[in-house]
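One structure is given below, encoded as structure tokens.
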Protein chains: 2
Amino acid sequence: MSSTVAKALSLLDYFSEAEPEIGLSELARRSGVDKATVHRMLVVMCNYGLLEKRGDARLYRLGAGVLRLARVRETAFPVTSVFQQVLEVLSAELGETAHASLVSGRALATIGVSESNRGSRVSLMAGEILPMHSTASGLVVMAFSNGELVDRVLSEPLAAKTSRTITDTSILRARLQEVALTGYAESDQTNEDDVYGIAMPVFDSDGTTTGAIAVATPAHRMTNDLRQQVIAALFREAEKLNYSLGGRPPAAFRTAASRYRPD
Amino acid sequence: MSSTVAKALSLLDYFSEAEPEIGLSELARRSGVDKATVHRMLVVMCNYGLLEKRGDARLYRLGAGVLRLARVRETAFPVTSVFQQVLEVLSAELGETAHASLVSGRALATIGVSESNRGSRVSLMAGEILPMHSTASGLVVMAFSNGELVDRVLSEPLAAKTSRTITDTSILRARLQEVALTGYAESDQTNEDDVYGIAMPVFDSDGTTTGAIAVATPAHRMTNDLRQQVIAALFREAEKLNYSLGGRPPAAFRTAASRYRPD
DNA sequence: ACCATCGGTGATAATAATGAACCAACAGGA
DNA sequence: TCCTGTTGGTTCATTATTATCACCGATGGT
């Protein structure tokens, strides 16, 4: 945790769509690391293209290296385009915002968003980091992961993102049991006020949970009819995703899916 | 150079389209770093999502974090899609492979490729790292950069990629002078045998050189007619790129361009 | 002119990285 | 079966790297 590379890499997470350029002092203040230390790390990361400083201003931003790395990964294991298609189908059919995230360390990395075209809709930023414990996607990913990931997540204090966030580990473990039985997870304003999310897991070829697709609606709009509609659509699209990505859902999920919609 | 974060980040560059998954020992062998050290760094980078190990095998690969970071950068500063359009215009018009690279540390990161549809063509891998001293793109980027970048590149020994690669720093500095006058750079098999490249710089809003677009042909096919055709197309597309990306070419490049095609 | 803050630097004290040896597991071959 | 050479991963004493504080010049607002 206190390794230097960890500190250096954690700096990357402060760059977001909302704040794509940050200065040295600001970065030092947020990370709680000394200015001189941050500076040394920034220089190194600039040398490797992960960051770059705009010649003009003295601000740092994500560099061309991340574009290159993403391209390498995407050409070797193409996923984002496949996810994006599914998301657009979901948002078009349901009229609500759909998004996809992949397991990235001990959190989720949002790699795709398709917003609904309604005036009132859930809007989330591309590239956002989602916590595991307070989102439907996180719950469903943990529920179908080996205990190792769950332990890692629960070993740290769970931030109360809203007044409804589950911060008690034993209660959360019970929730995970339920989720594992149903095959999907729901989040009623546990990550953000007025946002209701429903998520379904996506798997790798060896049964590992790689991420999740989810539909998010304004909380007041989530009726039971819409719930059923969303869940059915998610089951259908998750199966398509697993098929086209070569994912093999584990037995636990298959039985949950068959329980929901018996053939 | 011997900082730990530098060593950790350098591990990322061993992952390529051709070899997207690498094991611990292999990575240690190539980087020349001790196995234990590499392992610690890999674990940290997995925790931050830059890497991930496939649950099945015990191989490491680029993680979902790089997809997220690329998305953050791309939504804040969209460039790849703009470049890609230009590349497709170039390859369609000229019938040869076009590619774009951005300055990434002390090298170039290829962020876009559009191959020609001819049977014989130059084929390069997306996400490839191009050296500064042996490619046309590198030459033109250095020629229009402040001396700082050039010094950094020339401070290290210049690898002889082919028998024609310029490895002498003073000769190369002279070449940069020439390139700065013409506004474009040519590379006759200095990076790869049988590949002839012509490159043109792309600039930032403050006149900094951000990267280059280039056309690569089999060396034997490069006639003087084709040369002129390529250069004219590159001048035109580079101007379009600078316009749509808000780039402001420095005076040196503007005079070079006007010298080539006086109004 | 002033004060605050910016990005950046350097020397010393303290921490974290290093690397050889070691382990268990697996694969292939004799 | 036994041997051998891999693999991924771990341990721990030594040591070299890193963090820290104070400082600097520049910038910008009052």
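Among residues of the range A:136-152 that are in contact (Cβ under 8 Å) with a residue 60 or more places away in the chain and over 16 Å from B:G55 (Cα atoms), those with a Cβ under 7 angstrom from a residue that is basic (K, R) and in a helix (DSSP H, G or I), sequence gap 6+ or separate chain, pair up as A:L139/A:R175.
Any residue in the range B:35-48 that is away from DNA strand C (no atom under 15 Å from the Cβ) and either open to solvent by less than 10 Å² (accessible area, probe 1.4 Å) or touching a residue at least 40 places away in the same chain (Cβ under 8 Å) (or both)? No, the range B:35-48 contains no residue that is away from DNA strand C (no atom under 15 Å from the Cβ) and either open to solvent by less than 10 Å² (accessible area, probe 1.4 Å) or touching a residue at least 40 places away in the same chain (Cβ under 8 Å) (or both). Can A:V43 be described as within 24 Å of B:T110 (Cα to Cα) and within 12 Å of another protein chain (Cβ to nearest Cβ)? Criteria met by A:V43.
The residues on offer are A:S187, A:S205, and the sole one that is open to solvent by 30 Å² or more (accessible area, probe 1.4 Å) and not aromatic (F, W, Y) is A:S205.
Given the condition touching a helix residue (DSSP H, G or I) at 6+ places or on another chain (Cβ under 8 Å), more than 16 Å from DNA strand C (Cβ to nearest atom) and open to solvent by less than 10 Å² (accessible area, probe 1.4 Å), answer yes or no: does some residue in the range B:76-83 qualify? Yes, there is a match, as at least one residue in the range B:76-83 is touching a helix residue (DSSP H, G or I) at 6+ places or on another chain (Cβ under 8 Å), more than 16 Å from DNA strand C (Cβ to nearest atom) and open to solvent by less than 10 Å² (accessible area, probe 1.4 Å). The residues listed here are A:G32, A:G65, A:G95; of these, the one that is away from DNA strand C (no atom under 16 Å from the Cβ), closer than 30 Å to A:H133 by Cβ and within 26 Å of the chain's Cα centre (by Cα) is A:G95. Criterion applied to B:E17, B:E52 was being within 30 Å of A:S81 (Cβ to Cβ), acidic (D, E) and at the interface with chain A (Cβ under 7 Å from one of its Cβ atoms), and the one residue passing it is B:E17. Can you pull out the residues in the range B:14-31 that are out of contact with any Leu (no Cβ under 8 Å at 6 or more places or on another chain), touching a residue at least 12 places away in the same chain (Cβ under 8 Å) and farther than 22 Å from B:G55 by Cα? Matches in the range B:14-31: B:R30 only.
If you go through the range B:58-74 one residue at a time, do you hit one that is within 30 Å of B:I231 (Cα to Cα) and either modelled with pLDDT of 95 or more or open to solvent by 60 Å² or more (accessible area, probe 1.4 Å) (or both)? Scanning the range B:58-74 turns up at least one residue that is within 30 Å of B:I231 (Cα to Cα) and either modelled with pLDDT of 95 or more or open to solvent by 60 Å² or more (accessible area, probe 1.4 Å) (or both).
Of the listed requirements (1) of a type outside the set (D, E, K, R); (2) farther than 24 Å from A:K161 by Cα; (3) touching a residue at least 60 places away in the same chain (Cβ under 8 Å), A:A232 misses just one: (3).
Conditions tested, residue by residue: (1) away from chain A (no Cβ under 14 Å); (2) part of a loop (DSSP other than H, G, I, E, B); (3) under 21 Å from A:V44 (Cβ atoms).
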{"residue": "B:H99", "(1), (2), (3)": "no, no, no"}
{"residue": "B:G112", "(1), (2), (3)": "no, no, no"}
{"residue": "B:G119", "(1), (2), (3)": "yes, yes, no"}
{"residue": "B:V122", "(1), (2), (3)": "yes, yes, no"}
{"residue": "B:M132", "(1), (2), (3)": "no, yes, yes"}
{"residue": "B:A159", "(1), (2), (3)": "yes, yes, no"}
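Mind listing whichever residues of the range B:238-253 are modelled with pLDDT under 95 and of a type in the set (K, R)? Listed by number, the list holds a single entry, B:R248. Each residue in the range B:10-25 was checked for being away from DNA strand C (no atom under 12 Å from the Cβ) and of a type outside the set (D, E), and 8 pass.
Regarding the range A:85-93, can at least one residue be identified that is at pLDDT 95 or above, within 12 Å of chain B (Cβ to nearest Cβ) and open to solvent by less than 10 Å² (accessible area, probe 1.4 Å)? The answer is no, given that none of the residues of the range A:85-93 is at pLDDT 95 or above, within 12 Å of chain B (Cβ to nearest Cβ) and open to solvent by less than 10 Å² (accessible area, probe 1.4 Å).
The values are calculated or read from the model by the stated rules, or taken from the named source; none is laboratory data. Being a predicted model, the structure only gives us computed values, none of them experimental. As a convention, Cβ positions derive from the backbone with ideal geometry for all residues, glycine included, and neighbour counts pool all protein chains shown. To get the accessible areas, we keep the full protein, side chains included, count just its heavy atoms, and leave off ligands, DNA and RNA. Shrake-Rupley method; radii C 1.70, N 1.55, O 1.52, S 1.80 Å.
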